[in-house]
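Heads up, the thing below is written out as structure tokens.
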Amino acid sequence: MRYIDPHIHMVSRTTDDYQRMAQAGCVAITEPAFWAGFDRSSPKGFFDYFRQLTEYEPQRAAMFGIRHFTWLCINPKEGDDPGFAREVMSIIPDFLDKQTVLGIGEIGLNKNTKNELIVLEDHIGLAEKHNQLILVHTPHLEDKLKGTRIIMDAIEANASIDPGRVLIDHVEEHTVKEVLDRGFWAGMTLYPDTKCTPQRAADIVEMYGNERIWINSAGDWGISDPLSVPKARIEMKRRGHSAASIEKVSFENPRTFLGQCPRFDVE
Ligand SMILES: [Zn+2]
């Protein structure tokens, strides 16, 4: 059965991973701009990273029949210096015309600092100005709930941004309900052992339903599993979830949210 992995950092993964994902039914991925495992020494490093995301990764994915789309930003982990961040953000509009760019992301907070919030607000303004979809990273620390609320407040402060065009990722049991109640989409990021496992994702669907929610692997430079979406589908099947419900969280919902950008034309 086909699936979409709407959040995975393929620049950190091998070509073999693309092959295995294709064999497991992956037809499209979206790759948010994030930390590449090291701090870049100058804004020029991001220029090359954005070229990698928009020019080279789509070609590598295409070798296996996988469509590759991307999101652009300076991530919160490197975004604690507003001067540096603004230089990076000044590059972004030149890339927004590229055919595989879906929006601004993954923006958000890492340690919930004042500077991170300033840079987050600048990114929200950038998305508003260019009418872009937004993909949000929420902190993985004990401050997840607090950080998630600060982010949602900052987005809601821009009345022209429709929460239905914003996906809040890395939700967990204690944040998902508020994210959905406030009209945003929610992403569950699956990790092999820590954070949200495939089992916990199945629990969350059983508790909160399958509307406006997706699953993704966030495979990156650390310990992570680029096949966690198909593994979560197997877990849901084992528990008796219907084929339609499994398809909804792993294909239909990502396609509906992402399809708000006409460039995401995956059938
Ligand atoms: Zn990510």
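No lab work stands behind these numbers, since they all come straight from the coordinates. Computed from a prediction, not measured in an experiment: that's the story for all the values here. Every residue, glycine as well, gets a Cβ built from its backbone with ideal geometry; the counts of neighbours run over all protein chains shown.
After finding the eigenvalues of the alpha carbon gyration tensor for the stretch 130-267, what semi-axes result from the square roots of 5 times each, listed largest first in whole Å?
Each semi-axis is √(5λ); the values are 23, 18, 14 Å.
For the stretch 81-188, compute Rg over Rh where Rg is the Cα radius of gyration and Rh is the Kirkwood radius from the inverse mean 1/r over Cα pairs.
Across the stretch 81-188, the Cα-based Rg/Rh ratio is 0.95.
How large is the charge dipole for the stretch 106-242, taken about the Cα centre, if only the Cβ atoms of Lys, Arg (+1) and Asp, Glu (-1) carry charge, to the nearest 20 debye?
Using only the charged Cβ atoms, the result is roughly 380 debye.
Based on alpha-carbon centroids, what's the gap between the stretch 113-166 and the stretch 1-75 in Å, whole number please?
The distance from the Cα centre of the stretch 113-166 to that of the stretch 1-75 comes to 22 Å.
Figure the gain on full extension for Glu87 and Glu252 (residue separation times 0.36 nm, minus the Cα-Cα span) and round it to one decimal in nm.
Stretched out fully, the Glu87 to Glu252 stretch lengthens by 55.7 nm.
Which value, in debye to the nearest 20, describes the size of the charge dipole of the chain about its Cα centre when Lys and Arg Cβ atoms bear +1, Asp and Glu Cβ atoms bear -1, and nothing else is charged?
560
For the stretch 120-201, which GluC sites (Glu not before Pro) pass both filters: DSSP loop (anything but H, G, I, E, B) and at most 16 other C-beta atoms within 10 Å?
Listed in order of number, the matching sites are Glu142, Glu173.
When Asp220, Asp16 are ordered from fewest to most other Cβ atoms inside 10 Å of their Cβ, what list results?
Neighbour counts put them in this order, fewest first: Asp16, Asp220.
Specify, per residue and in Å³, the volume enclosed by the convex hull of the alpha carbon atoms belonging to the stretch 1-132.
So the per-residue hull volume is 106 Å³.
Please report how far the C-alpha centroid of the stretch 77-102 lies from that of the stretch 217-265, rounded to the nearest whole angstrom.
27
What chymotrypsin sites (Phe, Trp or Tyr not before Pro) does the stretch 1-94 have in DSSP loop regions with at most 10 other beta carbons within 10 Å?
Listed in order of number, the matching sites are Phe38.
I need Arg239, Arg149 ordered by Cβ neighbour count within 10 Å, fewest first.
So the residues, fewest neighbours to most, are Arg239, Arg149.
Under 8 Å for C-alpha pairs, at least 6 residues apart: give me the relative contact order for the chain, rounded to a whole percent.
On the way: 479 pairs, mean separation 51.3, N = 267.
Computed over the chain, the figure is 19 percent.
Which residues in the stretch 230-267 place their backbone N less than 20 Å from a point set 7 Å from the Cα of Ser160 along the Cα-to-Cβ direction?
From the stretch 230-267, the list is 260-262.
Any of Lys177/Lys248; Lys44/Lys195; Lys44/Lys144; Lys44/Lys98; Lys114/Lys144 with alpha carbons more than 24 Å apart? Name them for me.
The answer is Lys44/Lys195; Lys44/Lys144.
Please order Cys196, Cys26, Cys261 by the number of other Cβ within 10 Å, starting at the fewest.
Least to most surrounded, the residues fall as Cys261, Cys196, Cys26.
Please report the orientation-averaged projected area of the chain, defined via the convex hull of its C-alpha atoms, in nm².
Over every viewing direction, the Cα hull of the chain projects on average to 12.4 nm².
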